[in-house]
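All of the numbers you see were taken from the coordinates with simple rules; none came from a lab. Quantities reported herein were computed from a predicted structural model and do not represent experimental measurements. Heads up, the Cβs are rebuilt from the backbone with ideal geometry, glycines too, and the neighbour counts pull from every protein chain shown.
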Amino acid sequence: MSRLILISIGMISALLAGCAQKLANYDYDPKFSFSGFQTYALQQSDKQTYQSLDATRIEAAIKQQLSGRYQLVEPGQADFVIHYYLLAERKVDNSGVSFGFGFGVSSNVGVGVSTSPPAREKTEGQLVLEAVDGSSRQMVWTAKATRTLKDSMKPSQRDYLIQDVVQEMMANFPPK
């Protein structure tokens, strides 16, 4: 009996691990040495043409992740600058459960009817962080993470989501 329970737990764990998604994707210049970085600055990227309410949350989350490791200074004095921007993409999701029925006759003829799941539009937001070397002005590291944004989210929920995403993104900075 206990063996059956252990097997069941193992199968459930494997199923849940298979459903886990990678939160962030990274890219960096492997030839660049990040060891000289001591100071940083934050700057909203020119790629974002509007100031969002989440910009303050993003900056606070980045500062929290980099505090203790780097000193925050003005952009002209920084060893590297973290640029950030949000991309919003609307997608149609038509996955779900459908219903169907049918019948057939003995001469291999049948008729069936089914319904498709209702289509829903959802907005996915992609946060992009880019580390730019202060002296060469070249991008040396980038991270991207996509999450579903809901209009009904409360500010506290947005804070938590942004903190979580930025923490995952900054876990690989500097790259090892």
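Table for the structure above
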read-out	value
Cα→Cβ-extended label distance, 7 Å offset, between residue 77 and residue 35, nm	2.6
Cut-off under 5 Å, modelled amide H: who pairs with residue 79 long-range	38, 39, 40
Under 12 Å, Cβ to Cβ, from residue 36 - net charge with Lys/Arg +1 and Asp/Glu -1	-2
Which listed pairs, of 47/144; 47/154; 31/144; 31/63, have C-alpha distances above 24 Å, in listed order	47/154; 31/63
Net charge, residue 161 excluded, C-beta distance under 12 Å - Lys, Arg +1, Asp, Glu -1	+1
